[in-house]
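Here the structure is laid out as structure tokens; the discussion comes afterwards.
Only the coordinates and a few stated rules stand behind these numbers; no lab work does. Because the structure is predicted, anything quoted here is derived from the model rather than measured. Every residue, glycine among them, receives a Cβ derived from its backbone with ideal geometry; neighbour counts consider all protein chains shown.
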Amino acid sequence: MGNTMARSFPPGRSSRSKSFDRSASPQGPRSSSTQVPHYKKKEPSLDERPHFIHRPIARLALQAVADVMFDSRPADKVIEHYFKNQRSMGARDRRQFAELTYDLIRWWRRLIWLTQIPESDLSRENLWPLLAAWWVERGEAVPAWDELHDWPSKRFTARKREITQAPRAIQHSLPDWLDAVGDRELGSETWERTCRALNQPAPVVLRANALKCTRELLADRLRTENELETHPAPNTRHGLILNDRSPVFRTLSFQEGWFEVQDGASQQAAEALEAQSGEWIIDACAGAGGKTLAIGATMANKGKILALDVHDKRLQELKKRASRAGLDIVEARLIDGTKSIKRLEATADRLFLDVPCSGTGILRRNPDAKWKLREADLTSLRTTQAEILSTYTRMLKPGGRLVYATCSILPSENQNAIAEFLNSEAGQGFEKLSERSLAIGEDGYDGFYMAVLKLSSPALREAL
């Protein structure tokens, strides 16, 4: 990064091509007595192996995995905890620790299958076999560590050949119920593509804060100050994608509010609201405010955004983020029962509903979620989504615009939910202007759904 003309070469290799013509150099051709040195290709050291992890980092990662899988703690919070308590870790170690932790969680079921250890026999103390399987899966030799003495690479040879015959849920490391639901709702062909995409690393996408900079200025600053190379995020107005995964929260650009980390699909959902300066906007499931901030920047910090949520802790985080972004048109308000909604009836020019959902579209980023989600949760979530659509939409003015969004890829939470709403008594007077489903990996983004509705028949709506 930085100097795009710089190039790196394998150890022991000259930077010159084998076909380089020395006679073309300013010094002229070599004399016959000149000895051309012979560069023998050097075997990479352990530190140069592409997937090598130092033992202390591997040990910490296994501890973190145990915290997530046995104590049901959120993976991102666990990793954040280790970062705070292991301040001696450098940037490289932090990156390796986080990536290894997520990878072991992501491939949990497949790795267990490779080891042939019953999952019920696993404990915090004996996760080392999973690490051995992880190395073998990546074509690397298992390190000669005492903890891995009983798990040499050859132990996995036959089992690895058999993986193509294993059930799809094992191959793609999914719970059986999720595999069945995905196949039923999306169809076998689409679900198979989705399964492959679910286990691919997600890119780091930034949203330039239009209140402080353009994405071009942000790209220049990240390159100059931090040697971070980026490229424009497709189908977004302000998005940038990092060329390489790198920590960005310690950069001055972030601390000064020049950007937020926000996936491109999420950015598109916020843009679909088409908020205008001076309008009254309600973001009714605001959470920590990622889309609230994007909407506010679109409004050029003119107008009013009422950010509602049932979790006060998330709203407190939203306030901090809005302050850093220089956004002062946001009022964060806790939803306290149905009265909070009734008091706001017919007040919003535009209404954004980023409803609670299964999160199946962001499992690349939150692989631990697939092991915590239960099929029964889907039923509960669909009920919640229907209740939000039937009650929160009362806050929209006649002629107003509504965006319903989820980070789910399941039609039962998306197209079906909107169809049921439009056919219900509460949905009378609304018309669907558009809807869009983003598959996981489309433009490199998360799986997402967004539907744009308009309250076009206020007389009928008021008569209900």
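Take every DSSP beta bridge whose two residues both sit in the chain, then give the antiparallel share in percent to the nearest 5.
Working: 23 of 41 bridges.
Beta bridges within the chain, antiparallel portion: roughly 55 percent.
Could you work out how far apart the two model spin labels at LYS77 and ARG94 are, taking each label as a point 7 Å from the Cα in the direction of the beta carbon, and quote it in nm?
2.1 nm
Taking the beta-carbon count within 10 Å as an exposure proxy, list THR360, THR379 from fewest neighbours to most.
Numbers: THR360 25, THR379 11.
If I rank by nearby Cβ atoms, fewest first, I get THR379, THR360.
Using the Karplus curve 6.51 cos²θ - 1.76 cosθ + 1.60 with θ = phi - 60°, work out ³J(HN,Hα) for each residue of region 388-393 in order, rounded to whole Hz, and write x for Gly and Pro.
My calculation for region 388-393 gives 5, 4, 6, 10, 5, 5 Hz in order.
When a footprinting reagent is the concern and you count Cβ atoms within 10 Å, what order do ILE281, ILE388, ILE105 take, fewest first? Mind showing how you got there, number by number?
Details: ILE281 26, ILE388 19, ILE105 23.
Fewest to most other Cβ atoms nearby, the residues stand as ILE388, ILE105, ILE281.
Considering only Cα-Cα distances, which of the following residue pairs are longer than 26 Å: LYS291/LYS454; LYS372/LYS432; LYS212/LYS302; LYS84/LYS291; LYS212/LYS339? Spell out each step's value before the answer.
Working: LYS291/LYS454 20 Å; LYS372/LYS432 34 Å; LYS212/LYS302 14 Å; LYS84/LYS291 28 Å; LYS212/LYS339 37 Å.
Check vs 26 Å cut-off fails for LYS372/LYS432; LYS84/LYS291; LYS212/LYS339.
Going by how many other beta carbons lie within 10 Å of each one, how would you line up SER153, SER266, SER173, fewest first? It would help to have the intermediate numbers written out before the result.
Details: SER153 16, SER266 27, SER173 21.
The order, fewest Cβ neighbours first, is SER153, SER173, SER266.
THR230's amide H: which non-local residues (gap 5+, or another chain) put their own amide H closer than 5 Å, with H modeled 1.01 Å from N in plane and none for Pro or chain starts?
ASN243
Return the label of the correct value of percent of Cα pairs over 36 Å apart, as calculated from the structure shown, out of (1) 40; (2) 23; (3) 51.
(1)
Compute the distance in nm between two label points, each set 7 Å from the Cα along the Cα-to-Cβ direction, one at ARG250 and one at GLN428.
Between ARG250 and GLN428, the label points sit 6.1 nm apart.
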